[in-house]
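Engineer: To start, I am sharing the structure in question, which I have written as structure tokens.
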Amino acid sequence: MGHSVGQVAGFAGVTVRTLHHYDEIGLLVPSGRTAAGHRRYTDADLDRLQQILFYRELGFPLDEVAVLLDDPDADPVGHLRRQHGLLTARIARLKEMAAAVERAMEARKMGVNLTPEEKFEVFGDFDPDVHHEEAERRWGGTAAWRESQRRAASYTKDDWKRLTREMDRIHRAVAERMAAGDPADAPAVRDLVEEHRRFISRTSYPCDHTMHTRLGEMYVADERFTATYEAIRPGLARYLRDAIAANAAAADAGGADGSAARTGQDDGS
């Protein structure tokens, strides 16, 4: 007897009204009806619905979806290849957006004193002011917030572009050490996260090892930070968190390897 319209709506996460509309426009006509006239959907109907929802998720209008699914010359393998290409392009775009979010949030790029055109040139589609209210709610009462705002207001477009390149370089270097198989507490990795800490101190607000450790935990706890680092390399958020913790522990232990002796350099300058 197939599946009822209510069952299909539950399977697919759509409303019954949506299925009725698809039927009315001929996009998804159920293969059967009960004696009372109720819609009944077969497994083939569900396969078609899955295709419809895929293209809708990618932003295709319904009339274009109908053309894609009903083209008599369509090759199933080619159809799947097209889906794969669309998903790959979307993943790449999402990674670009995640990287823009990271650049803005990492350096507390809130309330940046740039024109809309300059913001677009530096940050792309991401507007750092969007997260200003949330950041102020979380950190607005702290000296770090006030200092980051003071510094951000003084930066020019070229300053932001230079700082963005520097932070990206540090992140890529950490990801390369991870790819090479270095443990998070390796001296070379700790040197990089120490550079990361001093970068924040130099550009945004004084960032001691305690503050840096809290940031490392946030990279794992806050899904926006996690997504950004995962886009650079899977597992990088936890790896960076662990490296930051190892660097802080080495500094607390007295810096037997010499790393602690460097921790005062550039802080707050």
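Quick note: the coordinates plus some simple rules give every number you see, no bench work behind them. All values derive from a computational prediction rather than experimental measurement. Neighbour counts run over all protein chains shown; Cβ positions are idealised from the backbone, glycine included.
Engineer: On a full-extension model of 0.36 nm per residue, what is the gain between residue 20 and residue 150, subtracting their alpha-carbon distance, rounded to one decimal in nm?
Structural biologist: Numbers: separation 130, 0.36 × 130 = 46.80 nm, distance 5.66 nm.
Full-extension gain reported as 41.1 nm.
Engineer: Please work out the FRET efficiency for the pair residue 62 and residue 230, using the Cβ-Cβ distance as r and a Förster radius of 30 Å; give the result to the nearest 0.05. List each step's numbers first, then the result.
Structural biologist: On the way: r = 34 Å, r/R0 = 1.12.
Calculated transfer efficiency: 0.35.
Engineer: Something else about it: Using the Kirkwood radius over C-alpha pairs as Rh, can you work out the diffusion coefficient of the stretch 3-70 via Stokes-Einstein at 4 °C, viscosity 1.567 mPa s, in µm² per second? Kindly include the intermediate steps, with their values, before the conclusion.
Structural biologist: On the way: Rh = 12.1 Å.
Once the numbers are plugged in, D ends up at 107 µm²/s.
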